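Values quoted throughout were computed directly from the atomic coordinates according to the rules given, and no laboratory measurement underlies them. Small disclaimer: the values here were computed from a predicted structure and weren't measured. So basically every Cβ, Gly included, is an ideal-geometry build from the backbone, and we count neighbours across all protein chains shown.
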Amino acid sequence: MNWLIIPGVIVTCIGLGLLLYTMAWIWRAKKQGVSDTEMKAQLQAAIAWNLGAMGCSAIGLMMVVLGVLL
C-alpha cells in the first residue's frame, strides 16, 4: 500500500511544520515582551493552531501505519 504511505508522510510533515510555526510564533511574542493581555490572546490563538497541527500529524501517522500494516 505504497499509495497510502507517501501521502501520510506528506501530511505528517505538514503537521510538524505547523507545530514549528506555532512554536516560533509564541517565541517571537515572548521576545517582543508584549503585555499580559496580548500574550494571553496570542497563546489562545496558538492553541487552536497547535491542536490542528497535532491532529494533522496524527492523521498522517495513522495513514503511514495503515499503509505499512496493509
Please enumerate the residues belonging to the stretch 28-42 that are surrounded by 15 or more Cβ atoms within 10 Å (Cβ to Cβ) and either of a type in the set (A, V, I, L, M, F, W, C) or outside any helix (DSSP H, G or I) (or both). Ala29, Met39
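Do the conditions hold for Trp25, that is, is it loosely packed, with under 11 Cβ neighbours inside 10 Å and in a helix (DSSP H, G or I)?
For Trp25, the condition - loosely packed, with under 11 Cβ neighbours inside 10 Å and in a helix (DSSP H, G or I) - is not met.
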Qualifying position, being of a type in the set (Ser, Thr, Tyr) and in contact with a helix residue (DSSP H, G or I) (Cβ under 7 Å, 6 or more places away or on another chain), among Thr22, Thr37: Thr22
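Table: residues versus (1) on the phi > 0 side of the Ramachandran plot; (2) in contact (Cβ under 8 Å) with a residue 24 or more places away in the chain; (3) over 15 Å from the mean Cα position of the chain (by Cα).
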{"site": "Ile26", "(1), (2), (3)": "no, no, no"}
{"site": "Lys31", "(1), (2), (3)": "no, no, yes"}
{"site": "Thr37", "(1), (2), (3)": "no, no, yes"}
{"site": "Lys40", "(1), (2), (3)": "no, no, yes"}
{"site": "Ala45", "(1), (2), (3)": "no, no, no"}
{"site": "Asn50", "(1), (2), (3)": "no, yes, no"}
{"site": "Ala53", "(1), (2), (3)": "no, yes, no"}
{"site": "Cys56", "(1), (2), (3)": "no, yes, no"}
{"site": "Leu70", "(1), (2), (3)": "no, yes, yes"}
For the stretch 1-20, give me the residue count where each residue is aromatic (Phe, Trp, Tyr) and not in a helix (DSSP H, G or I). 0
